[in-house]
Structures are given as C-alpha cells and as structure tokens.
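The values are calculated or read from the model by the stated rules, or taken from the named source; none is laboratory data. These numbers come from a predicted model, not from an experiment. For neighbour counting, all protein chains shown are included, and Cβ atoms are generated from backbone atoms with ideal geometry for every residue, glycine included. Areas reflect the complete protein model, heavy atoms only, side chains present, ligands, DNA and RNA absent. Shrake-Rupley method; radii C 1.70, N 1.55, O 1.52, S 1.80 Å.
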Amino acid sequence: MHFQDGSLFPENQDKLVITCAPYGPEWMPADFPEDLPVTMAEHIQKAVDCYHAGATVLHLHVRELDGKGSKRLSKFNELIAGVRDAVPDMVIQVGGSISFAPEGDGESAKWLSDDTRHMLAELTPVPDQVTIAINSNQMNVVEQMCEADLAGTSLAEPALYRAYREMTIPAGPEWVEEHIRRLSAKGIQTQFQLANITQLETVERMMRRGVCNVPLILTWVAIGGGFDAPNLYNLANFVRAVPDGAVLTLETSMLNVLPINMMAIALGLHVRCGNEDNLWQQDRKAKMGSVRQIEQLVRIARECGREVADGQEARRIYRIGEFYGSADETLARNGFPPNRRPGQRGFLHHA
C-alpha cells in the first residue's frame, strides 16, 4: 500500500469499517455472562446492539444452549436469518472455522473437517462473507496471552488451555481453491484471514493462476502462536506488501487490540474488536463488553477526524457482490502488477 503526502489526512481515507466479533467461541458464558450470548434471541440482540454502536461487519459464530460453540449449520442458518431481519444492512461474515471449541475437557480444539467447512457455501440465507485461512498453520491462540489475561476464565483450566495451545488450521491448497470456487459460485465473498506475508504471497499466486478471481478483502491476524506478533515492524512489513487495491483490517488479541486498532484508524485501515479478541479494559480493572469496545473506537475515530461507515458504505468499501472474470481483471482490480507475458523483459507495472 502506498502512503503518499496526505495519506494520513482523514479526508483522503475511506470511512472506517468496524468489524465486531461478539460471540467469543473460545470462552464459556461464565467467563463473561454479561456479554456472551447463549440463546438465539441473545445472539440476534447482540448483533443489533453492535450495529447501533457503530459496527457494520458482524463476525458470526453461534452457541448451543449448553454454552459450547455450535457445529450445527442449522443454527448458523437461524442466526443469519435473524440478523438479516433485524439489521439488514449489516455485513454478515461467517467465521470459516465454524466452531473450534473442544467438545469436552481435555479434547483438542479443532476446526471441522474439510467437507463440513465446504458446507458453509450452502448456508441459507446466504451470508455476505465467509472467512478463510490460507496454508495449514499452527494457531496457538494462547501463546502471547499472560496469566492476567486468563485469570478467572475457563482458559485458565490446564486441559482447556492445552487444547487451544495445540490447535492447528487445516488449509491446504486443494481445499482452499475448491472452497473459494464454491463460495464464489454462491455469490459469497471470500474474506482472507492471513497470519503473515507468506500467506499473502500464496493468495497472490492463486490470483495469478486464475483460480481466485475475487476482491482482496483481508485481515492481518497478529495473535502469535504461528501468526505474526502484533508489533510495528511486522505491521509495516505486511502493509507494505499489500497491494493498493486491497481492503485491509487489523486484528489481534487481548490488550493489544486497542493500540493496534488505533494504528489502523490513523493509517486509513480498518478495525476489528469484540469479546472474541479481548475481554479486558486496558487497566485490567474490569472486563469490557463488545458494544463498549465499538463505542470506544467510534470515539477515537471521531477524535482523529475519520468518519465511521454505515452499513451501505461498508458494503461499497468491501465490494460485496463483486467478482472477476479472469486473472488479468483480478490483478488489475486488486492493484497487483499484471502477469508477465511470454518473452516480456524488464519491470512489470500495474495494469
């Protein structure tokens, strides 16, 4: 991405798109009963509250009544339908992991099988986005957490802690290409959740081969444990590698969330918050719910002079419903240089 003179002026930046992840599948309801929904009515109301606070993208998971993350697609269908009816302009982004929560104490935290995750393309109503991981990878979500992050929560229990520490993402190239094909055929946008530059390079290569003809709407997920650490050097390196036609959101975990989001606001990038990412105020004196996290980011954005996108504006910025017919079109629309033609010499330029 290019940062020319004036790039930090709010009038030269897109309005801020706030993604909220208010369903916290790694936590149990007792960890934060005031904020973690359990019933379907609570799930839908949480989406409504987040939307009215300023979030226009809903990162969606769903629980069973026993508080555990649901692995039933029928529950996802029910929640999507309820959110569509209650806040029709909200961008619905289904978490492609479905539920990575373990079934019981001592069991592994894991994503569901390849075939089951392909069924996300069959959800009804159709969501706007499904997130996708690129390249099989360690996802140790607790690696950079400290004791204070876990204090008083279910993740402080050794068996559950180990389950998340050992979690991996299955995302091999054959499955990824097939999944993107199925999502695109149903008019569902692929939302890339990337851990580092090597995964971004894999996405670029897929686009160059013509097997990924979609907008580059992506999130830099800086959570450690196989992903980038949330520091300035990793952030700058990743941002520099992202082409200028992409739409980039920053994501991290626990007390890193606010400072990373403040950087995103200043740089003209987009933000994500919610109890899936963080439970705590910065002083750790109390927990901080998803709505309050959104309200905080709205306030900071306004102090920076940057407006917050409404639902229709977020859809335009995210290019919802846009797909491409060829590798050449995909590369040009996303800001990558074109493929080298046979016999072509010298440097490549943007299409």
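Quick notes on this one:
- Looking only at the stretch 51-61, and only at residues there that are outside any loop (DSSP other than H, G, I, E, B) and more than 22 Å from LEU120 (Cα to Cα), the one that is most open to solvent (accessible area, probe 1.4 Å): HIS52
- Of all residues in the stretch 44-83, those being β-branched (Val, Ile, Thr) and touching a residue at least 60 places away in the same chain (Cβ under 8 Å) number 2.
- Only listed residue being in a loop (DSSP other than H, G, I, E, B) and closer than 30 Å to GLN282 by Cβ, chosen from VAL214, VAL239, VAL141: VAL141
- Of the residues examined, GLU166 is one that is open to solvent by 40 Å² or more (accessible area, probe 1.4 Å), in contact (Cβ under 8 Å) with a residue 40 or more places away in the chain, over 17 Å from ASN275 (Cβ atoms) and not hydrophobic (A, V, I, L, M, F, W, C).
- Of all residues in the stretch 62-82 being over 20 Å from GLU26 (Cα atoms) and out of contact with any Leu (no Cβ under 8 Å at 6 or more places or on another chain), the one that is most open to solvent (accessible area, probe 1.4 Å): GLU78
- Scanning the stretch 1-50 for residues that are open to solvent by less than 50 Å² (accessible area, probe 1.4 Å), of a type outside the set (A, V, I, L, M, F, W, C), farther than 30 Å from ASN237 by Cα and not in a loop (DSSP other than H, G, I, E, B) yields PRO29, ASP31, HIS43, LYS46.
- Test result for ILE80, outside any loop (DSSP other than H, G, I, E, B), in contact with a helix residue (DSSP H, G or I) (Cβ under 7 Å, 6 or more places away or on another chain), β-branched (Val, Ile, Thr) and modelled with pLDDT of 95 or more: no
- Filter result (over 30 Å from ALA229 (Cβ atoms) and touching a strand residue (DSSP E or B) at 6+ places or on another chain (Cβ under 6 Å)) within the stretch 184-195: ILE188
- Residue that is of a type in the set (D, E, K, R) and closer than 24 Å to LEU150 by Cβ, where the choices are LYS71, LYS46, LYS75: LYS46
- Residue in the stretch 87-107 that is under 29 Å from GLY54 (Cβ atoms), at pLDDT 90 or above and open to solvent by 10 Å² or more (accessible area, probe 1.4 Å) present: yes
- Filtered residues of the stretch 273-326 (kept if of a type in the set (A, V, I, L, M, F, W, C) and under 30 Å from ARG208 (Cα atoms)): ALA314, ILE317, ILE320, PHE323
- Residue within the stretch 302-315 that is among the basic types (Lys, Arg), surrounded by 11 or more Cβ atoms within 10 Å (Cβ to Cβ) and in contact (Cβ under 8 Å) with a residue 40 or more places away in the chain present: yes
- Of the residues examined, ARG333 is not one that is within 24 Å of MET90 (Cβ to Cβ), in a helix (DSSP H, G or I) and open to solvent by 10 Å² or more (accessible area, probe 1.4 Å).
- Of the residues making up the stretch 171-179, one or more are of a type in the set (Gly, Ala, Ser), surrounded by 20 or more Cβ atoms within 10 Å (Cβ to Cβ), part of a loop (DSSP other than H, G, I, E, B) and without any contact (Cβ under 8 Å) to a residue 40 or more places away in the chain.
- Total residues in the stretch 311-330, condition in a loop (DSSP other than H, G, I, E, B), under 30 Å from LEU16 (Cβ atoms) and out of contact with any Asp or Glu (no Cβ under 9 Å at 6 or more places or on another chain): 4
- Extreme residue, nearest to ALA309 (Cα to Cα), among residues of the stretch 199-253 that are aromatic (Phe, Trp, Tyr) and buried (at least 17 other Cβ atoms within 10 Å of the Cβ): TRP220
- Against the criterion of being in contact with a strand residue (DSSP E or B) (Cβ under 8 Å, 6 or more places away or on another chain) and under 26 Å from ILE300 (Cβ atoms), LEU16 qualifies.
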